[in-house]
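Structure first, then comments.
Quick note: the coordinates plus some simple rules give every number you see, no bench work behind them. All values reported here derive from a predicted model rather than from experimental measurement. Neighbour counts run over all protein chains shown; Cβ positions are idealised from the backbone, glycine included.
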């Protein structure tokens with residue numbers, strides 16, 4: 001895909017419509033991936049907008065409980081687990097990423113255990129064992 005130049009006035013308009021850190025990060029990613037721009041103007045617009053966003057919330061026990069449940073009880077696929085971890089790092093809530101990483105790794109281990117059980121079950125069926 002060919003990158004398109006985006007004018008500073010269009011950047012300012014796009015960022016003026018952003019009202020969360022998540023949306024801010026998504027817009028910034030989109031601009032970096034798909035557009036060329038005046039770097040000085042872009043840095044100034046981003047810095048100004050970032051200063052006007054609501055402060056990020058520190059994760060509560062309930063936030064951590066929910067994330068723990070998602071990672072350890074919801075039987076996520078590898079893609080879902082990776083996406084959930086990514087979202088935690090970009091959300092409007094500040095998480096201790098050491099905990100998120102630990103739960104993410106537990107989730108990946110559980111996925112591997114489920115795969116091994118399936119492989120063993122298929123192997124047993126092929127060999128006439130139940």
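Going from the fewest other Cβ atoms within 10 Å to the most, the residues 60, 72, 28 appear in the order 60, 72, 28. GNM on the chain, alpha-carbon springs under 10 angstrom: the most fluctuating residue among 71, 42, 24 is 42.
Given the convex hull of the Cα atoms of segment 57-126, what is a quarter of its surface area in nm²? Walk me through the numbers on the way to the answer.
On the way: hull surface 18.6 nm².
Result: 4.7 nm².
Quick one: among 43, 81, 12, which has the greatest mean-square fluctuation in a GNM of the chain with alpha-carbon springs under 10 angstrom? Per the Cα network of the chain with a 10 Å cutoff, 43 tops the list. Where only DSSP H runs of four or more residues are counted, the chain gives -23500 deg cm²/dmol as its mean residue ellipticity at 222 nm, each run worth -39500 (n - 2.57). Rounded to the nearest whole angstrom, the semi-axes of the ellipsoid equivalent to segment 6-60, taken from the Cα gyration tensor as √(5λ), stand at 21, 12, 9, largest first. Computed from Cα atoms alone, the Kirkwood hydrodynamic radius reported for the chain is 17.9 Å. For the chain, the longest principal axis of the C-alpha atoms and the axis of helix 21-34 are separated by about 80°. Could you tell me the calculated FRET efficiency between residue 5 and residue 74, based on Cβ-Cβ distance and R0 = 30 angstrom, to the nearest 0.05? For R0 = 30 Å, the calculated efficiency reads 0.10. Comparing mean-square fluctuations of 14, 76, 108 from a GNM of the chain with C-alpha springs under 10 Å, the top value falls on 14. Binning all Cα-Cα separations of segment 27-91 at 5 Å, short to long from zero, yields these whole-percent fractions: 3, 12, 17, 17, 14, 14, 12, 8, 4, 0.
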